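Notes to accompany the following structure.
Each value in this text was obtained by applying a stated rule to the coordinates, not by laboratory testing. Worth saying up front: this structure is predicted, and the values here are computed from it rather than measured. We place every Cβ from the backbone using ideal geometry, glycine too, and count neighbours over all the protein chains shown.
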Ligand SMILES: [Zn+2]
């Protein structure tokens with residue numbers, strides 16, 4: 001009950017929260033919130049507390065960080081005195097047993113692979129979960145009074161974060177995408193959701209199943225998250241289900257934005273400050289500071305995504321920054337023997353087995369050949385290549401794919417500014 005009460009309180013806070021008249025009022029709100037955040041949260045983080053001088057937080061001295069430093073300084077950054085080692089152990093155990101009850105002292109511990117393919121650990125408190133749920137309720141899912149909404153959520157791994165959305169307003173069912181598609185479709189058909197939420201590569205399969213009359217569902221809302229939604233896929237899914245897709249920009253580092261009723265992605269600037277490292281006139285790398293986090297502060301954190309600003313103001317009237325397109329989270333799906341291999345599933349299998357690499361890419365160069373490039377220490381190369389090969393082969397074999405050829409190469413130097421795509425397909429059937 002305490003948790004639901006918290007959700008309602010946060011919900012009211014968002015609904016009756018600041019209404020921004022212009023961009024300047026957004027900036028003024030942020031600067032006030034950042035000061036509060038420093039005094040309330042950063043002071044409790046050993047890593048950030050040292051940036052206080054004369055009782056004032058010295059923002060200009062705080063270094064920009066990436067996922068690598070964020071994980072390396074995990075012990076000092078979090079406000080709970082947790083070590084990376086203990087958090088990682090809890091997260092890996094939960095992942096292997098698939099019971100997903102990964103908590104330490106009431107703090108949810110989650111494992112992510114993200115776009116870089118490297119392991120990340122995130123910590124979320126009950127308070128932060130309540131806030132996340134209320135934000136999702138206002139920005140993404142619209143609760144309907146007097147009618148309970150059934151939500152079908154397709155995820156690669158459940159976590160307490162997502163399960164917490166179950167309440168009087170929603171019934172929530174989690175579909176484990178590690179299961180065979182046929183099984184998932186029959187479960188989905190039996191469930192008959194009002195709301196369907198999944199990554200686009202799975203949404204496409206669901207839409208196809210609907211088109212082939214293998215299933216018959218009538219969702220009133222479809223939510224796409226975790227990967228880039230290509231325009232042609234979007235149009236195809238919307239045409240089949242005759243409903244508009246809500247796009248969610250969510251990653252381990254936070255809930256960053258969602259599309260409005262006009263289909264424009266707006267950044268959650270009332271929760272997160274987005275500093276911009278400009279690439280050209282309208283594209284930038286976001287450097288985020290989330291002033292609502294309390295357990296694991298995210299401060300001046302550079303994301304790999306490239307965001308393209310929308311030139312024209314959105315018709316919905318929101319002053320929160322409108323984004324035309326998210327570029328660079330564009331992992332392709334491999335297709336071997338007509339079976340789809342989802343990049344995030346494969347990346348996750350690899351992340352569970354090894355972390356001894358800087359980066360890697362897996363490229364499908366022909367119908368049944370994968371070319372693998374790993375950037376790692378030369379002393380361990382043979383061993384790591386072996387781990388990659390056996391992990392991929394095991395995973396493919398689970399999907400019913402055998403006789404795949406593997407080629408290994410040293411990682412080529414990437415063009416600066418270009419994001420390294422970890423998994424892609426260069427082979428197309430005629
Ligand atoms: Zn809008």
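Please order 151, 248 by the number of other Cβ within 10 Å, starting at the fewest.
Taking fewest neighbouring Cβ atoms as first place, the list is 248, 151.
Can you give the extra length, in nm with one decimal, that the chain gains between residue 356 and residue 61 once fully stretched, where that is 0.36 nm per residue apart less the Cα-Cα distance?
Values: separation 295, 0.36 × 295 = 106.20 nm, distance 3.16 nm.
My answer for the length gained is 103.0 nm.
Would you mind computing, in nm to one decimal, how far apart the modelled labels at residue 36 and residue 300 are, each placed 7 Å from Cα along Cα→Cβ?
2.3 nm
By how many nm would the segment from residue 379 to residue 147 grow when fully extended, if each residue of separation counts as 0.36 nm and the alpha-carbon distance is taken off?
77.4 nm
When the chain is fully extended, how far beyond the present Cα-Cα distance does residue 309 get from residue 8, taking 0.36 nm per residue of separation?
Between residue 309 and residue 8, full extension yields an extra 105.1 nm.
Which distance in Å, rounded to a whole number, links the C-alpha centroids of region 203-227 and region 1-48?
One Cα centre to the other: 36 Å.
Sticking with the crude label model, points 7 Å out along Cα→Cβ, report the distance from residue 15 to residue 28 in nm, one decimal please.
2.7 nm
Given R₀ = 25 Å, what would the calculated FRET efficiency be for residue 104 paired with residue 252, taking r from the Cβ atoms and rounding to 0.05?
Once rounded, the FRET efficiency stands at 0.90.
Over the chain, what is the percentage of antiparallel beta bridges among all DSSP beta bridges, to the nearest 5?
60 percent
Using the alpha carbon gyration tensor of the chain, what are the three equivalent-ellipsoid semi-axes (square root of 5 times each eigenvalue), largest first, in whole Å?
Listed largest to smallest, the semi-axes of the chain are 33, 28, 22 Å.
With r defined as the distance between the Cβ atoms of residue 261 and residue 389 and R0 fixed at 51 Å, what FRET efficiency is calculated, to the nearest 0.05? Could you put the intermediate results ahead of the total?
Numbers: r = 48 Å, r/R0 = 0.94.
In this case the efficiency is close to 0.60.
For 291, 57, what's the fewest-to-most ordering of other Cβ within 10 Å of each Cβ? Working shown, then result.
Numbers: 291 24, 57 19.
Least to most surrounded, the residues fall as 57, 291.
Under a plain spin-label model, where a point goes 7 Å from the Cα along Cα-to-Cβ, how far apart in nm are residue 54 and residue 282?
4.4 nm
Work the Kirkwood hydrodynamic radius out for region 142-249: mean of 1/r over every pair of different alpha-carbon atoms, inverted, in Å. It would help to have the intermediate numbers written out before the result.
Working: mean 1/r = 0.0712 Å⁻¹.
Averaging 1/r across every pair of different Cα atoms and inverting gives 14.0 Å.
Could you order peptides 18-28, 370-380, 266-276 by the average number of other Cβ atoms within 10 Å of their residues, highest first?
Ranking, from highest mean packing down: 266-276, 370-380, 18-28.
Could you line up 262, 29 from fewest to most neighbouring Cβ atoms inside 10 Å?
262, 29
What is the Cα centroid distance between region 70-98 and region 385-405, reported in whole angstrom?
Each part's Cα centre sits 29 Å from the other's.
Between residue 183 and residue 368, how high is the FRET efficiency from 1/(1 + (r/R0)^6) when r is the Cβ-Cβ distance and R₀ = 35 Å? Nearest 0.05.
On the way: r = 26 Å, r/R0 = 0.74.
Calculated transfer efficiency: 0.85.
Show that you can apply the helix-only estimate: for the chain, add -39,500 (n - 2.57) for every DSSP H stretch of four or more residues, divide by all residues, and state [θ] at 222 nm to the nearest 500.
Helices in the chain give a 222 nm mean residue ellipticity of -10000 deg cm²/dmol.
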